[in-house]
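Only one structure is covered here, and it is reproduced in the block below.
The values are calculated or read from the model by the stated rules, or taken from the named source; none is laboratory data. The shown structure was predicted, so the numbers you read here are calculated from the model rather than taken from an experiment. For neighbour counting, all protein chains shown are included, and Cβ atoms are generated from backbone atoms with ideal geometry for every residue, glycine included.
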Amino acid sequence: MKCPRCKSDEKIKDGIVKQKQRYKCKECGFRYTVASGSGAKPLYLRKVALQLYLEGLGFRSIGRVLGVSNVTVLNWIRAFGEQVAELKGSEQVIYAEMDEMHTYVGQKKTINGYGLLLIDIGKNSSTSLLVTEALRQGKSSGMRLKAKLDGTVATDYWQPYEQFVPGEKHIQSKAETYTVEGYNSIFRHFLARMRRKTKCYTKSVHMLELSILLLMHKRNGTLSILN
């Protein structure tokens, strides 16, 4: 660092002031401290991290590529997720497809985990409406889900659906769930934490929700952060 007064490079250390190194210029005798640099990474680098995350890389992989810690990447992605709006639709959903998808939350040894990730979509609709359920598995989960269901619901033949989807609204057919199964495939492909037999897993339900929210905004073309 050059002397702010005479621009000389010749200097000697001259003590510590407010936890910063102070120097004395050999040429003019001017005393000055080292300006503290900002540790904030540029926005473009954070956007690159988000793009890599939504292309299927995990936090540690992104950190190795960009030369930052995995915790830094986590904080960036979480901050981006908390900036975007929830996915909501003004129209009433009269037809929904439902499919189950299992993942770990907290640790890989967790067996109970959290409840279902549901995608409500209008018939032949190109826009997905995301509904996340962070429900502990238990007797009350089905009843709480049942209260949210309205209109016709299509599922596969997984037996637990019969316990909370009203029979008069329930259609069981693999031919009627190909859209939601396609979205689940997208989740597993583009989010490392959702893949089978992966070393990545979700530490919190909140981060899982933000991850899916960011991906669906990107798929819907509404993720303005990347513009």
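For segment 12-62, which residues satisfy the criterion of being closer than 17 Å to residue 1 by Cα and among the hydroxyl-bearing types (Ser, Thr, Tyr)?
23, 32, 33, 36, 38, listed by residue number.
Does residue 142 satisfy being more than 16 Å from residue 95 (Cβ to Cβ) and at pLDDT 80 or above?
Spelling it out, it is not the case that residue 142 is more than 16 Å from residue 95 (Cβ to Cβ) and at pLDDT 80 or above.
Just the residues that are modelled with pLDDT under 80 and among the aromatic types (Phe, Trp, Tyr), please, taken from segment 179-204.
Residue satisfying the conditions is 201 alone.
Considering only segment 165-191, how many residues are over 14 Å from residue 101 (Cβ atoms) and either within 20 Å of the chain's Cα centre (by Cα) or of a type in the set (A, V, I, L, M, F, W, C) (or both)?
Within segment 165-191, residues that are over 14 Å from residue 101 (Cβ atoms) and either within 20 Å of the chain's Cα centre (by Cα) or of a type in the set (A, V, I, L, M, F, W, C) (or both) number 3.
Could you please let me know if residue 62 is over 47 Å from the mean Cα position of the chain (by Cα) and at pLDDT 90 or above?
no
Return yes or no: is residue 13 over 30 Å from residue 186 (Cβ atoms), touching a strand residue (DSSP E or B) at 6+ places or on another chain (Cβ under 7 Å) and free of Cβ contacts under 8 Å to residues at least 12 places away in the same chain?
yes
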